[in-house]
Amino acid sequence: GAGVSQTPSNKVTEKGKYVELRCDPISGHTALYWYRQSLGQGPEFLIYFQGTGAADDSGLPNDRFFAVRPEGSVSTLKIQRTERGDSAVYLCASSLGLAGSYEQYFGPGTRLTVT
Amino acid sequence: GDSVTQMEGPVTLSEEAFLTINCTYTATGYPSLFWYVQYPGEGLQLLLKATKADDKGSNKGFEATYRKETTSFHLEKGSVQVSDSAVYFCALSDPAGGFKTIFGAGTRLFVKA
């Protein structure tokens, strides 16, 4: 079946602009995670959804970052007033349940470049 | 807070050599431990996992044992192949930390023919 998909695959934006990154999880997966991966680093947790609600958003770096999952499937990560330091690969993962017990399936990522 | 430390790369080996990538962790609770792999041009994928002390995770000839006494989860393979060239990430998920997954910085492995 289809895996986790993310769009766009690449996004170049100017400093100060607003961007939206989309994640389509595997059908039936109730848990959805967003991570940010900077060059040469491991993925850094941003937010976790269980169904429609954000169960843990403690990794969001500041209030410029926001994510939604209104129908418990597709999720959008929104970044306002982008800064050059936001440049990274943004990864989405989905799983049948909590990460400790269920395998996370990762998407290919969206590479965000802020100029 | 919880953290994962893994050996810096790159690691360069000849085909059929023995591989060890060290990983140690700190955690508040009793985490599950994972190794993920990222092959060139592909997304992250789970390689193996262990959910409690003394468990051994294994897959594709790779093994790692959950050592609570040394807070370690070292990845080993007896005979590497060129196709094992990838970046390997050690990670944990701690119930006391809300089940978020914490990743190490990754270790790049190059295997020469």
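The values are calculated or read from the model by the stated rules, or taken from the named source; none is laboratory data. All values derive from a computational prediction rather than experimental measurement. Quick reminder, even Gly has a Cβ in these numbers, built from the backbone with ideal geometry, and neighbours come from all protein chains shown. What goes into the accessible areas is simple: the full protein's heavy atoms, side chains included, and nothing from ligands, DNA or RNA. Shrake-Rupley method; radii C 1.70, N 1.55, O 1.52, S 1.80 Å.
Equivalent-ellipsoid semi-axes (√(5λ), Cα gyration tensor) for the protein assembly as shown, whole Å, largest first?
Values for the protein assembly as shown, descending: 30, 20, 16 Å.
Each Cα pair under 8 Å and six or more residues apart adds its sequence gap; the mean of these over the residue count of the stretch A:16-115 is a relative contact order of 32 percent. The slack in the chain from A:Lys17 to A:Lys78, taken as 0.36 nm per residue of separation less the alpha-carbon distance, amounts to 20.9 nm.
Coupling constants for the stretch A:27-41 follow from the phi torsions by the Karplus curve (6.51 cos²θ - 1.76 cosθ + 1.60, θ = phi - 60°), and in residue order they are 4, x, 7, 8, 9, 9, 10, 10, 10, 10, 10, 8, 4, x, 10 Hz; glycine and proline get x. FRET efficiency for the pair A:Thr113 and B:Tyr39, taken as 1/(1 + (r/R0)^6) with r the Cβ-Cβ distance and R0 = 35 Å, rounds to 0.90.
Normalised by the empirical 2.2 N^0.38 Å for globular proteins, what value does the Cα Rg of the stretch B:60-109 take?
Numbers: Rg = 13.0 Å, N = 50, 2.2 N^0.38 = 9.7 Å.
Expressed relative to 2.2 N^0.38 Å, the Cα Rg reads 1.33.
Distance from the alpha carbon centroid of the stretch A:9-30 to that of the stretch B:20-82 works out to 29 angstrom.
Can you work out the FRET efficiency for the pair B:Arg67 and B:Thr28, with r the C-beta to C-beta distance and R0 = 25 Å, to the nearest 0.05? With a Förster radius of 25 Å, E is 0.90. Note on A:51-58: average number of Cβ atoms from other chains within 10 Å of each residue's Cβ is 1.
Restricting things to Cα coordinates, could you compute the convex hull volume per residue of the stretch B:1-92 in Å³? Working shown, then result.
On the way: hull volume 8.7 nm³, N = 92.
Per residue, the Cα convex hull of the stretch B:1-92 comes to 95 Å³.
Could you sort out which of B:Lys68/B:Lys112; A:Lys11/B:Lys60; B:Lys49/B:Lys112; A:Lys17/B:Lys49; A:Lys78/B:Lys60; B:Lys77/B:Lys100 sit more than 30 Å apart by Cα distance in this structure? Listed pairs above 30 Å: B:Lys68/B:Lys112; A:Lys11/B:Lys60; A:Lys17/B:Lys49; A:Lys78/B:Lys60. Here's the list of aspartates and glutamates a cross-link from A:Lys15 could span, going by alpha-carbon distance under 12 Å and ignoring same-chain residues fewer than 8 apart: A:Glu83, A:Asp86. First compute the accessible area of chain B with a 1.4 Å probe, then give the percent of it belonging to carbon and sulfur atoms. After summing per-atom areas, the C and S share lands at 48 percent. Suppose the Debye formula is applied to equal point scatterers at every Cα of the stretch A:14-115; what is log10 I(q)/I(0) at q = 0.13, 0.14, 0.18, 0.25 Å⁻¹? Once normalised to I(0) and log-transformed, intensities are -0.42, -0.48, -0.80, -1.45. Sorted on the mean count of surrounding Cβ atoms within 10 Å across their residues, most packed first, peptides B:69-75, A:32-38 read A:32-38, B:69-75. Across the stretch B:19-29, computed HN-Hα scalar couplings (Karplus, 6.51 cos²θ - 1.76 cosθ + 1.60, θ = phi - 60°) run 10, 9, 10, 7, 9, 10, 9, 10, 8, 6, x Hz from first to last residue, x flagging Gly and Pro. Figure legend: label point modelled 7 angstrom from the Cα of B:Phe18 along Cα→Cβ; residues of the stretch B:46-78 with amide N under 14 Å from it are B:63, B:75-78. As a calculated quantity, the FRET efficiency between B:Val82 and A:Ser58 at R0 = 30 Å, using C-beta atoms, amounts to about 0.15. What the Kirkwood sum gives for the stretch B:2-54 is a hydrodynamic radius of 13.4 Å, with every pair of different alpha carbons counted.
Rolling a 1.4 Å probe over the protein heavy atoms gives chain B an accessible area of 46 Å² per residue.
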